[in-house]
Every structure is written in C-alpha cells, then in structure tokens.
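Engineer: My questions all concern the structure below.
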Amino acid sequence: RRKRSHAAMPFLQVDLGRGVREKVPVAPNTTLREVLSAACTKRGLDVATRGLRHGRTRKHLDLSITFRLSGLDNNALIEVVEDGHTAPRGSSQAPCRVAVQLESGDRRTGSLGDESSLLEVVRALCPEQLADGAMPAGHAPAILYGGSGDLRVVATGEDQLRSTTLASLGVARGSA
C-alpha cells in the first residue's frame with residue numbers, strides 16, 4: 001500500500017490582472033489582508049490601494065476575516081482590484097474606528113490609523129490599563145481579537161502589543 005502524505009496546504013488563486021495569477025498558501029487563521037499582501041508583495045504592487053473580490057460572484061471581500069470564515073473554497077479564484085476606499089493621497093494611514101472592551105465590561109471607542117500598534121490603541125483608549133499597579137504581579141497585558149466572531153489571542157505582553165498593528169490583523173479601514 002501507498003502511504004498518504006499529510007494533507008496539502010490549502011491555497012487561493014489570486015488574479016492580479018492581465019493574466020497574472022499567484023498561488024497563495026493559506027492556513028485557517030490567515031486573514032484575507034495577509035493573502036492580499038502576499039500576492040501584491042510578489043508583484044511589487046501597493047497593498048494600500050488594493051482590495052479583493054470574489055472571482056465568480058464579483059463581491060468585494062472583507063480583508064479582516066480569516067480564510068476559515070470567508071466562505072471561500074480551497075483553490076478559489078479571487079481578484080485584486082483597485083480599491084476606492086483607501087486612505088487619501090499623501091496620507092499613509094486609513095482611518096479605523098476601534099472599540100475596546102475591558103474585562104470589567106466597559107467599552108471604549110476611538111478613531112486611529114490602520115498602522116497604529118495595539119499598544120497605541122491601548123494608550124489612546126484605556127491608558128489606565130498600562131499604569132503602574134494596574135496589573136497584578138506576574139501578569140502581562142493581552143489582546144483578544146474577534147474580527148468576525150473568530151476570537152483569538154493576538155498579542156500578549158508589551159513587545160507584542162508594540163509590534164502588532166491593526167493592519168496586520170486585517171483591519172484596513174472601517175470598524176473593528
């Protein structure tokens with residue numbers, strides 16, 4: 001008998017126009033923004049001015065959702081399109097409306113750029129959470145992100161909060 005190797009990694013076919021396609025491997029928790037970024041980077045395109053749409057239905061895709069929750073099949077064809085909802089010329093960040101819900105149940109909202117780090121989000125919306133004595137000894141700040149009902153830990157500790165941006169979570173504009 002022939003032994004089966006482990007299952008092949010799923011991928012998406014990304015149509016960049018003019019007959020150019022890229023195969024982008026995806027994991028269940030890969031955001032569509034990461035797919036767009038991978039395809040555009042391979043071809044030297046500016047990610048900030050592009051979006052994705054389904055190749056068959058022509059519906060624009062939410063870049064903040066993960067492959068698992070996107071409803072896309074393995075080997076689905078998606079298209080890179082010029083995006084009309086990008087940041088204004090000369091501006092490097094698209095505005096995002098962000099809400100933070102604290103353990104106490106309090107909810108804070110504000111508007112920040114998509115290149116803002118999670119540490120900047122916490123400092124802007126709930127600075128008292130980072131104050132000395134606000135956290136019990138031995139604990140580190142953590143951020144859970146539920147971008148489309150897919151709640152997961154995305155950053156634990158100040159270093160990860162500093163290096164993780166809203167854009168890296170798939171939040172490019174709109175609300176999160």
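The values are calculated or read from the model by the stated rules, or taken from the named source; none is laboratory data. The structure displayed is predicted, hence computed values, not measured ones. Cβ: placed from backbone, ideal geometry, glycine included. Neighbour counts: every protein chain shown. Please note that ligands, DNA and RNA were not included when accessible areas were found on the heavy atoms of the full protein model with its side chains. Shrake-Rupley method; radii C 1.70, N 1.55, O 1.52, S 1.80 Å.
Engineer: Check whether at least one residue in region 53-69 is closer than 30 Å to Arg97 by Cβ, touching a helix residue (DSSP H, G or I) at 6+ places or on another chain (Cβ under 6 Å) and not hydrophobic (A, V, I, L, M, F, W, C), and report yes or no.
Structural biologist: The answer is no, given that none of the residues of region 53-69 is closer than 30 Å to Arg97 by Cβ, touching a helix residue (DSSP H, G or I) at 6+ places or on another chain (Cβ under 6 Å) and not hydrophobic (A, V, I, L, M, F, W, C).
Engineer: Scan region 96-108 residue by residue and report those that are under 26 Å from Val47 (Cβ atoms) and loosely packed, with under 14 Cβ neighbours inside 10 Å.
Structural biologist: Residues satisfying the conditions are Arg97, Ala99.
Engineer: Separate question: Any residue at all in region 86-108 that's closer than 27 Å to Val122 by Cα, modelled with pLDDT of 80 or more, under 16 Å from the mean Cα position of the chain (by Cα) and assigned to a loop (DSSP other than H, G, I, E, B)?
Structural biologist: No, there is no match, as no residue in region 86-108 is closer than 27 Å to Val122 by Cα, modelled with pLDDT of 80 or more, under 16 Å from the mean Cα position of the chain (by Cα) and assigned to a loop (DSSP other than H, G, I, E, B).
Engineer: Still on this structure, I have one more. From the set of residues in region 121-155 that are open to solvent by 70 Å² or more (accessible area, probe 1.4 Å) and in contact with a strand residue (DSSP E or B) (Cβ under 7 Å, 6 or more places away or on another chain), which is modelled with the highest pLDDT?
Structural biologist: Among them, the one singled out is Leu144.
Engineer: Hand me the list of strands (runs of 3 or more DSSP E) wholly inside region 1-77 holding 1 or more residues that are at pLDDT 85 or above and within 18 Å of Ala167 (Cα to Cα).
Structural biologist: Fully inside region 1-77 and qualifying: 50-54.
Engineer: Next up: Output the qualifying pairs, or none if there are none: Cβ atoms under 8 angstrom, residues six or more apart or on different chains, first residue in region 123-151 and in a loop (DSSP other than H, G, I, E, B), second residue at pLDDT below 65.
Structural biologist: Filtered contacts from region 123-151: Gly147/Ala176.
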